Each structure stands twice: as C-alpha cells, then as structure tokens.
Amino acid sequence: MTSVALTVNGSRCEADVEPRQLLVYFLRDRLGLKGTNVGCDTTSCGACTVLVDDESVKSCTVFAVQADGSEVTTVEGLARGDALHPVQQAFHEQHALQCGYCTPGFVLATVSLLKENPNPSETEIREGLEGNLCRCTGYHNIVKAVQAAARAGA
C-alpha cells in the first residue's frame, strides 16, 4: 500500500491505495463519486475524464498514486449548491445529452477546453473534444452546448 493525499472537489483526502489502483476506481469505489464513469479502460471513450490540477485527464489511465498532491475535480465538484456550472447549464439547455453516460467526461473536457481557448471555433471544439465519444447524440448539440458555454463566459 502507498499513502496518497489529494484534494478532491475541494476536500482534502488521505488514503492508502494499491500502487496499481487507477484513479477512476479510487474516485468511484473509495470516494463514492459515481459521476466519473468507466467506459473502456483504454482512453478511447473519455467517459472517465476528470480535471487534475485543472487539466483534462482520462482517469482510467492514471494511477491514484500519480495524483498524489494534486487537486482533482469531478463532475460532482462543478456545481455550486443548486447552481449548475455554466458548462453543465449549457449542456442541459442545448439538450447535449441523451443517455448521459458520456456527459460528465464531455462536461469536464469542455471546462478544460474553454480554459485554454475561451472562444473556440466549431472545428476547434470538435478537435478539442475528439478524445470523448458519444454513441447517442451525433455531437451536434454537444458542439452547440460548448458554443453556448463559451458565450456565457464559462
């Protein structure tokens, strides 16, 4: 076992973990944060995307020990009380989800994208989110949601 200390959604967390435990399973199984989904375990789908020190990361390919000392944000950490984060609000308003399985990953990847590029073109949005897959929406409303979030100053 290896000791880790990290901040998850603003709360300090210290735990002993197996050195090979993936961050996604640490978040889901140890901390109960079920918004981070496991889709493929191979970085192909992006359902497990979280922010590590404000960078978009696929948590199925990061060991929990690699996040030691970091600040991790999951989809549960975006809203402030009853107020959705502007990206979450845009996804809701633009109907940018259907089954919702991929949505947390898309939302966090969008937060990271808009931090790097606050006013992306449609091409930049599609390229910026190409590591996240959705089997339901066809992406049109996802792109619209990112554009709406950008206009809202997310």
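Each value in this text was obtained by applying a stated rule to the coordinates, not by laboratory testing. Predicted model only: the values in this text are computed from it and were never measured. Cβ coordinates were reconstructed from backbone atoms using ideal geometry, including for glycine residues, and neighbour counts include every protein chain displayed.
Here's the list of lysines a cross-link from Lys58 could span, going by alpha-carbon distance under 16 Å and ignoring same-chain residues fewer than 8 apart: Lys34.
Calculated mean residue ellipticity at 222 nm for the chain: -8000 deg cm²/dmol, from DSSP H runs with n ≥ 4 weighted as -39500 (n - 2.57), summed, divided by the residue count and rounded to 500. At the listed q of 0.12, 0.15, 0.17, 0.21 Å⁻¹, the Debye profile of the chain, built from one uniform point per Cα, gives log10 I(q)/I(0) equal to -0.47, -0.73, -0.92, -1.31. The modelled label-to-label distance between Thr7 and His95, using points 7 Å beyond Cα along the C-beta direction, is 4.0 nm. A Förster distance of 35 Å, applied to the separation of the beta-carbon atoms of Ala15 and Leu84, puts the FRET efficiency at 0.75.
Taking each residue as 0.36 nm, the span from Lys115 to Glu76 lengthens on full extension beyond its C-alpha to C-alpha distance by 12.2 nm. Scanning the chain for helices, which whole DSSP H stretches are 18 Å or more long along the axis (Cα) and average -1.0 or more by Kyte-Doolittle? Helix filter hits for the chain: 103-116. What the phi angles of region 119-128 give under the Karplus curve with 6.51, -1.76 and 1.60, with θ = phi - 60°, is a coupling list of 9, x, 6, 4, 4, 5, 5, 4, 5, x Hz, glycine and proline written as x.
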